[in-house]
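Shown next, in structure tokens, is the structure this report addresses.
Nothing in this text is a laboratory measurement; each read-out follows from the coordinates by a stated rule. Because the structure is a prediction, the values reported are computed rather than measured. Positions of Cβ are backbone-derived with ideal geometry, glycine not excepted, and every protein chain shown enters the neighbour counts.
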Amino acid sequence: MTHRHDVAVVGATGAVGEVMVSILEQRDFPVGRLHLLASSRSAGKKMRFRGEEIEVLDLETFDFEGVRIGLFSPGASVSAVHAPRAAAAG
């Protein structure tokens, strides 16, 4: 049995974020739950992962509790604020 990991992709709607999501799928990474995070402008959009549509959530209000892997690509200033929040959540 493969252990699955809850993953958050921060900046998911940007060019790098889209590639990260694509690589997770291509490499068949053992994702349990995938959290797609972006700015409030992108929140509510849908992205496809493994044949399913996943809603993009607002990074500002997202609770990182339970996320085991965070992939960040929103830029340095946004990462500087939210990466410590993710780390503090565990």
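Here are some notes:
- Sequence of R85, R48 once ranked by neighbouring C-beta atoms within 10 Å, starting from the fewest: R48, R85
- Calculated FRET efficiency for the pair A15/E52, C-beta based, R₀ 25 Å, to 0.05: 0.70
- Of the options (1) 1.23; (2) 1.11; (3) 0.94, only one is Rg/Rh (Cα atoms, Kirkwood Rh) as computed from these coordinates, and that is (3).
- Restricting the range 52-90 to GluC sites (Glu not before Pro) that sit in a DSSP loop and have at most 10 other Cβ atoms within 10 Å of their own Cβ leaves E65.
- Likely footprinting exposure, V31, V56, fewest C-beta neighbours within 10 Å first: V31, V56
- Length-normalised contact order of the range 9-65 in % [C-alpha pairs under 8 Å, at least 6 apart]: 32
- Among F29, F62, the order by Cβ neighbours within 10 angstrom, fewest to most, reads F29, F62.
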